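Enquirer: Below is a structure I'd like to ask you about.
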C-alpha cells in the first residue's frame, strides 16, 4: 500500500508505538542502569522488546521475538542494532529481569495514580482483591520437576524406580490401572500458580507472585503486603482465612474484608473489647497458648438474592458501613474477570516456554503487558471524557496487537490509528435478555457451598484467659 502522497499528520504505526514506549518506559527510568561498551541489548531497549514480545499474538515465541526486534530497530534506530537470536535475547532478559521489574512496576503504579485519580480509592480506602489461579505449562521434564506438585513428584520418582524392575511379561495393565495412571499423570501436570493483587478501583493488577501448582496463595499474599500503599484494604474470598494470615495484615498496618464460611470458628461474648451485636472474635487455642491476642472483628451478613454471605472485617461501622462492605466485596469479582481476560482473551491459558526460567519470564512480562495495555486504554478513555472503568480489555488488546502486526503501515484514516481505537474500546451496554448461567454440563465444576461460620459463645476459661491477657498488657505498658 503506497502512502507517499499523504500530507496529513497521520503517522506510520511504528511511530505510534514509539509514543507508547516513551510514555510507559521513559528514558529517565533507566538512567541508573549501565552495560558494557558495545553491548547489543541496552536495558531500555531490552525492556521494550520484552514488552512487545509478551503482547504479540503470534503463536510462536521466536516469531514474536522476530517481530518485536524489527519494531525495536525502528524505535531505537539511532542505536546499535539489537541482538539477532532469540536465545541471546532470553539469556540477557534472564540477567536483567529482576532489575527491570523493580523499576518498571513502581513506575506503572505511579502512572495509575496520575491518570486515574478518581478510581484510586473506594469508600476512602485503596482497595485490593487477592486471589490465585493456575497457568498451564508444556509437559517437559524440566517443567515437571520445577512446577509439579511436590507430593506427586515423589510418586513419580517411586514409579521410575519400580518401573525399571518390571519385566515385559508383567508390563501389561488392565483398563482400570491405565485409568488410574492417566488420572495420576494429569494431576502431575506442570502448572504455575499465580497469586495476584488486583487494584479494585481501576481494575488493574498491582503485584503478583508465582510458584508450583501446590503453592500457598496465603503465603504469597503475605509476602506482597510490603508492596501495598498506606490505607489499604484487602478483600478476599473464603480461601484466605486464618489467624496468622489476618494478623499479618493487621500488623502491617492494613485492613481486610474477608468472606467466611464453615471453615472458620468465631467467638462471641469474650469480653475482650466493647461488645456490640456484630462483634466476634477469632482466637484459636494455638494462639491463646502462645499468649497472642484475640482478633476483634465485625460480622456482616448480606444477601445476594439466593443465599446469605458472611463477611468479617477489622473496621467498625463508622469506618466502613455494611453497604460499602457489600459493594467492595461485589467488586472483588472483577479479579475473576481479569483472570479470564488474561487466559482467554489475551491467550495465556497455557504458556509456550519449555524451561522453568523462561516460563516465569513469559508469565511476568505477559502480565506486565496486559497491565500496560489496559492502563493505556483507560488513559485514552479518561482523556476523551469517558468512564475509564468501561474499558473493553478485548478491544484494547486487539487494537494494540493490530498496530504491532501492521507496524510498517500508515493508517488510511485517524479512525484506524491506535489512539482512536483505544478511545472507542468500550464495553457493550446492551441489556441481557437471557440468563448467563450455562447448562449443567457433566464437565461443569460443581462448587461446594461454604456454608455459614461456626459461631459459639466463649467459655469461662476463654473469658478468664482474655482477662489475664489484658491485665498483662496493661502492666507491660505501665512498666514500659
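The values are calculated or read from the model by the stated rules, or taken from the named source; none is laboratory data. None of these values were measured; they are calculated from a predicted model. Virtual Cβ from ideal backbone geometry, glycine too; neighbours counted across all protein chains shown.
Enquirer: Just one of 197, 225 is in a helix (DSSP H, G or I), under 30 Å from residue 137 (Cβ atoms) and touching a helix residue (DSSP H, G or I) at 6+ places or on another chain (Cβ under 9 Å); which is it?
Expert: Details: 197 fails: in a helix (DSSP H, G or I).
Going through 197, 225 in turn, the sole match is 225.
Enquirer: Got a number for residues in the range 84-136 being within 21 Å of residue 351 (Cβ to Cβ), under 18 Å from the mean Cα position of the chain (by Cα) and without any contact (Cβ under 8 Å) to a residue 12 or more places away in the chain?
Expert: Final tally of qualifying residues: 1.
Enquirer: Additional query: Please go through the range 36-57 and pick out each residue that is over 23 Å from the mean Cα position of the chain (by Cα) and on the phi < 0 side of the Ramachandran plot. Quick ask: steps written out before the conclusion?
Expert: First pass over the range 36-57, keeping only residues over 23 Å from the mean Cα position of the chain (by Cα): 36-46.
Passing the criteria: 36, 37, 39, 40, 41, 42, 43, 44, 45, 46.
Enquirer: Turning to a different aspect of this structure: Within the set of pairs 6+ apart or on separate chains, which have a first residue in the range 37-53 that is within 16 Å of residue 363 (Cβ to Cβ), a second that is assigned to a loop (DSSP other than H, G, I, E, B) and at pLDDT 95 or above, and C-beta atoms under 9 Å apart?
Expert: These pairs meet every condition: 51/25.
Enquirer: Scan (1) more than 26 Å from residue 226 (Cβ to Cβ); (2) part of a helix (DSSP H, G or I); (3) touching a helix residue (DSSP H, G or I) at 6+ places or on another chain (Cβ under 7 Å) for the single condition residue 58 breaks and write down its number.
Expert: Here residue 58 meets the rest and fails (2).
Enquirer: Looking only at the range 108-139, count every residue that is more than 30 Å from residue 319 (Cβ to Cβ), surrounded by fewer than 21 Cβ atoms within 10 Å (Cβ to Cβ) and touching a helix residue (DSSP H, G or I) at 6+ places or on another chain (Cβ under 6 Å) and tell me the total. Outline the logic, then answer.
Expert: Quick first cut of the range 108-139, residues more than 30 Å from residue 319 (Cβ to Cβ) only: 133-139.
Of the ones still in play, those that are also surrounded by fewer than 21 Cβ atoms within 10 Å (Cβ to Cβ) are 133-134, 136, 138-139.
Filter once more, so that each one left must be touching a helix residue (DSSP H, G or I) at 6+ places or on another chain (Cβ under 6 Å): 133.
Residues meeting the conditions: 1.
Enquirer: Moving to a separate point now. Just to check your reading of the model, which residue among 189, 179 is modelled with pLDDT under 95 and within 30 Å of the chain's Cα centre (by Cα)? Step through it out loud before you land on a result.
Expert: Details: 179 fails: within 30 Å of the chain's Cα centre (by Cα).
Of the residues listed, the single one that is modelled with pLDDT under 95 and within 30 Å of the chain's Cα centre (by Cα) is 189.
Enquirer: Here is a list: 370, 376, 363, 391. Which entry is farther than 24 Å from residue 60 by Cα, surrounded by 20 or more Cβ atoms within 10 Å (Cβ to Cβ), in contact with a strand residue (DSSP E or B) (Cβ under 8 Å, 6 or more places away or on another chain) and touching a residue at least 24 places away in the same chain (Cβ under 8 Å)? Outline the logic, then answer.
Expert: Values: 370 fails: farther than 24 Å from residue 60 by Cα; 376 fails: in contact with a strand residue (DSSP E or B) (Cβ under 8 Å, 6 or more places away or on another chain); 363 fails: farther than 24 Å from residue 60 by Cα.
Sole residue among the options that is farther than 24 Å from residue 60 by Cα, surrounded by 20 or more Cβ atoms within 10 Å (Cβ to Cβ), in contact with a strand residue (DSSP E or B) (Cβ under 8 Å, 6 or more places away or on another chain) and touching a residue at least 24 places away in the same chain (Cβ under 8 Å): 391.
Enquirer: Here is a further query. Do any helices (runs of 4 or more DSSP H) entirely within the range 345-439 hold 2 or more residues that are under 19 Å from the mean Cα position of the chain (by Cα), and if so, which? Give the steps one after another, and end with the answer.
Expert: Details: elements: 356-383, 393-405, 418-423.
Answer list for the range 345-439: 356-383, 393-405.
Enquirer: Here is a further query. Do we find a residue being at pLDDT below 95, out of contact with any helix residue (DSSP H, G or I) (no Cβ under 6 Å at 6 or more places or on another chain), under 22 Å from residue 358 (Cβ atoms) and surrounded by fewer than 22 Cβ atoms within 10 Å (Cβ to Cβ) anywhere in the range 22-33?
Expert: no
Enquirer: Among (1) under 24 Å from residue 86 (Cβ atoms); (2) touching a strand residue (DSSP E or B) at 6+ places or on another chain (Cβ under 8 Å); (3) part of a helix (DSSP H, G or I), there is one condition residue 339 misses while meeting the rest; what is its number?
Expert: Of the numbered conditions (1) under 24 Å from residue 86 (Cβ atoms); (2) touching a strand residue (DSSP E or B) at 6+ places or on another chain (Cβ under 8 Å); (3) part of a helix (DSSP H, G or I), the odd one out for residue 339 is (1).
Enquirer: Tell me which residues, restricted to the range 95-107, are surrounded by 17 or more Cβ atoms within 10 Å (Cβ to Cβ) and under 24 Å from residue 249 (Cα atoms).
Expert: Hit for the range 95-107 is 105, nothing else.
Enquirer: Among the residues of the range 258-310, write down those that are more than 22 Å from residue 235 (Cβ to Cβ), in contact (Cβ under 8 Å) with a residue 12 or more places away in the chain and out of contact with any strand residue (DSSP E or B) (no Cβ under 9 Å at 6 or more places or on another chain).
Expert: 271, 286, 288, 291, 292, 293
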